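Here's the structure we're looking at; comments come further down.
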């Protein structure tokens, strides 16, 4: 079955010259896809602006109005890091709606899996506040669509951005309808994501954080996905897997301090593909989050598409090679997390 993608020129209209989260990120990805052999193999999924009713499941009306008003005035900043340009409100509506359309295409069986090449990103956005370059929480909106509109009961969100997805965590912290898994550098922006943040009420045990020390790379992340994420996902039995794909944990990224390589990222994506095939009929949808070394971002995204298309690992590309830096040992952290997660309770699953 086909692999879909979402892309729209409106995503380039959200831009602030000199800001690390600018239009060149998506332009470089698109150029890489056009120059390679991938685009003809992919199925386009048209984006549509998210409707207000669905957006209100993730954000307050007051905050939505704030973003619209700032954009209407020609732009401004929500905080020191997070800008709004003249077309940012329109782009943000289309970004959230584009991921919803990708999710719908997968659930309808029109494509097997998909990658939404959308921006502005979303995983830091809280219900009533944008932050960390994010305006609307795209993955949270898509999860709410799967639950509230399509009637799913269990959604797994995997966030491998180098920064903790605090907005996504907060949205689903008290529900068992979403299992949120995040691997991220810690302590680091935004300051959340300790392993003891594990949910509350019905959501107790449904937030799984893996806080990583500076310098962790390929081997450690692969071990964490295999020995922590995969067993938890098997227990949870998701009906779809949504992925907040941030490629800023690469060893050359200017804004972070982890040591993944492009091949390391592709290995994680390959495991997610296998997980989706085993647990939820291959239903797997990516959305773009961070990644600020432009050429790394482009190659990493292309490799993610190769995993979705079922390419052999020999076909992954990595012109940057392995990290030249030593990795810290994390055996103690993995053992601790395995012990902690072994007692987590998943209501309604066995």
For segment 280-293, what are the residues that are in a loop (DSSP other than H, G, I, E, B) and in contact (Cβ under 8 Å) with a residue 24 or more places away in the chain?
280, 282, 283, 289, 290, 291, 292, 293
Suppose we filter 200, 223, 175 for residues that are in contact with a helix residue (DSSP H, G or I) (Cβ under 7 Å, 6 or more places away or on another chain), touching a residue at least 12 places away in the same chain (Cβ under 8 Å) and within 25 Å of residue 128 (Cα to Cα); which single one remains?
175
What tally of residues in segment 86-114 results from selecting those that are out of contact with any helix residue (DSSP H, G or I) (no Cβ under 7 Å at 6 or more places or on another chain) and either in a strand (DSSP E or B) or surrounded by fewer than 17 Cβ atoms within 10 Å (Cβ to Cβ) (or both)?
3
Yes/no for residue 285 being out of contact with any strand residue (DSSP E or B) (no Cβ under 7 Å at 6 or more places or on another chain) and within 29 Å of residue 201 (Cβ to Cβ)
no
Residues that are touching a residue at least 60 places away in the same chain (Cβ under 8 Å), surrounded by fewer than 24 Cβ atoms within 10 Å (Cβ to Cβ) and more than 11 Å from the chain's Cα centre (by Cα): does segment 155-166 have at least one?
no
Going by what's in this entry, would residue 229 be described as within 19 Å of the chain's Cα centre (by Cα), more than 17 Å from residue 339 (Cβ to Cβ) and outside any loop (DSSP other than H, G, I, E, B)?
no
Filter segment 204-226 down to the residues that are in a helix (DSSP H, G or I) and surrounded by 17 or more Cβ atoms within 10 Å (Cβ to Cβ) and list them by number.
218, 220, 221, 224, 225
By residue number, the members of segment 304-314 that are outside any loop (DSSP other than H, G, I, E, B) and out of contact with any strand residue (DSSP E or B) (no Cβ under 7 Å at 6 or more places or on another chain) are 306, 307, 313, 314
Residues being outside any loop (DSSP other than H, G, I, E, B) and more than 19 Å from the chain's Cα centre (by Cα) - total across segment 28-48
11
Do we find that residue 254 is in a loop (DSSP other than H, G, I, E, B) and farther than 30 Å from residue 44 by Cβ in this structure?
yes
Filter segment 67-85 down to residues that are part of a helix (DSSP H, G or I), in contact with a strand residue (DSSP E or B) (Cβ under 9 Å, 6 or more places away or on another chain) and over 21 Å from residue 8 (Cα atoms), then give me how many there are.
1
So residue 267 ticks every box in (1) over 25 Å from residue 106 (Cα atoms); (2) touching a residue at least 12 places away in the same chain (Cβ under 8 Å) but one. Which box is left unticked?
(1)
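Yes/no per residue for (1) crowded, with 23+ Cβ neighbours inside 10 Å; (2) assigned to a loop (DSSP other than H, G, I, E, B); (3) at pLDDT 95 or above:
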site	(1), (2), (3)
247	yes, yes, yes
264	yes, no, yes
268	yes, no, yes
272	yes, no, yes
295	no, no, yes
302	no, no, yes
320	no, yes, yes
325	no, yes, no
349	no, yes, no
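The values are calculated or read from the model by the stated rules, or taken from the named source; none is laboratory data. Remember, predicted model here, so these are calculated numbers, not experimental data. A quick note on method: Cβ atoms are made from the backbone with ideal geometry, for glycine too, and the neighbour counts reach across all protein chains shown.
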